[in-house]
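Following: one structure in structure tokens, then a few remarks.
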């Protein structure tokens with residue numbers, strides 16, 4: 001597994017290496033009206049209007065109840081509602097679902113994914129992720145890594161990574177232990193690979209893609225790139241519990257164990273006068289390889 005830095009390539013060299021290859025930027029978004037417009041605008045101005053590195057910017061709106069769709073469209077993205085893509089296949093809520101559905105509405109040979117809630121970032125994320133794919137035919141999946149500062153310092157972010165994903169990898173998928181941020185939302189992949197993989201509909205999409213790529217293509221087909229610094233909104237602790245459950249369910253499937261498509265997660269909330277139990281139904285379904293549907 002090779003490790004790179006985002007400035008190992010210049011924009012001009014990447015545009016030359018791109019040639020006739022088509023590149024799609026995909027931004028999965030759910031209720032991100034406050035940030036998605038800035039993400040789309042900055043990438044469009046830097047990598048579409050100024051240099052021809054991207055062929056399309058596509059936002060997949062995952063059942064937003066705010067103005068995400070309109071903001072992203074006004075910023076210059078092609079926007080699709082996830083539930084309206086291939087309605088014959090039904091619809092699930094979740095990030096992985098949006099990414100899987102993107103395969104039916106994008107044209108790129110290479111797909112670059114970035115999150116819609118970025119706050120402290122720069123457009124070099126995209127060319128940094130494309131560098132290994134455009135310059136090394138043996139690389140099929142590229143993961144970003146970065147400093148994730150929070151109120152408590154450099155290690156304040158990435159709680160699910162450190163408490164669930166990294167221990168899980170150490171126990172069962174040790175060949176991936178060298179990945180600095182296995183759950184990073186910024187990554188790029190060849191369509192020819194992604195369309196052959198089963199895709200969890202929720203937050204386990206990143207981990208599952210890594211495990212399946214290593215299993216089918218080998219670890220040397222994976223590269224990682226230092227993207228510098230990234231900040232986004234941190235999720236509440238109980239929401240992270242649901243994310244952790246989705247990771248464990250995806251790992252269980254890849255060990256050959258059957259897992260329900262929805263799991264009841266019991267959580268306990270402090271309330272006035274005591275503790276209240278709430279049961280949260282966590283979706284753990286997976287989509288089949290896109291090439292099969």
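The values are calculated or read from the model by the stated rules, or taken from the named source; none is laboratory data. Here the structure is a predicted model, which means the values were calculated and not measured. When we count neighbours, we look across all protein chains shown, and the Cβ atoms used for this are built from the backbone with ideal geometry, even at glycine.
For the reader, a short list of remarks on this structure follows.
- Residues (surrounded by fewer than 20 Cβ atoms within 10 Å (Cβ to Cβ) and modelled with pLDDT of 95 or more) located in segment 104-123: 104, 105, 107, 109
- Among the residues of segment 251-259, some residue qualifies, meaning at least one is assigned to a helix (DSSP H, G or I) and in contact with a helix residue (DSSP H, G or I) (Cβ under 7 Å, 6 or more places away or on another chain).
- Residues in segment 46-57 that are touching a residue at least 40 places away in the same chain (Cβ under 8 Å) and assigned to a helix (DSSP H, G or I) were compared, and the one that is surrounded by the fewest Cβ atoms within 10 Å (Cβ to Cβ) is 46.
- Number of the exception - residue 80 against (1) in contact (Cβ under 8 Å) with a residue 12 or more places away in the chain; (2) over 16 Å from residue 189 (Cα atoms); (3) assigned to a helix (DSSP H, G or I): (3)
- Residue match in segment 233-250 (condition: surrounded by 14 or more Cβ atoms within 10 Å (Cβ to Cβ) and assigned to a strand (DSSP E or B)): no
- Residue in segment 96-105 that is more than 15 Å from the chain's Cα centre (by Cα) and part of a helix (DSSP H, G or I) present: no
- Residue under evaluation residue 33, criteria (1) in contact (Cβ under 8 Å) with a residue 40 or more places away in the chain; (2) surrounded by fewer than 23 Cβ atoms within 10 Å (Cβ to Cβ); (3) in contact with a helix residue (DSSP H, G or I) (Cβ under 8 Å, 6 or more places away or on another chain), criterion not met: (1)
- Tally, over segment 58-80, of residues that are surrounded by 18 or more Cβ atoms within 10 Å (Cβ to Cβ) and touching a strand residue (DSSP E or B) at 6+ places or on another chain (Cβ under 8 Å): 12
- Complete set of residues in segment 198-220 that are over 13 Å from residue 261 (Cβ atoms), part of a loop (DSSP other than H, G, I, E, B) and modelled with pLDDT of 95 or more: 218
- Test result for residue 133, buried (at least 22 other Cβ atoms within 10 Å of the Cβ), under 24 Å from residue 37 (Cβ atoms) and touching a strand residue (DSSP E or B) at 6+ places or on another chain (Cβ under 8 Å): no
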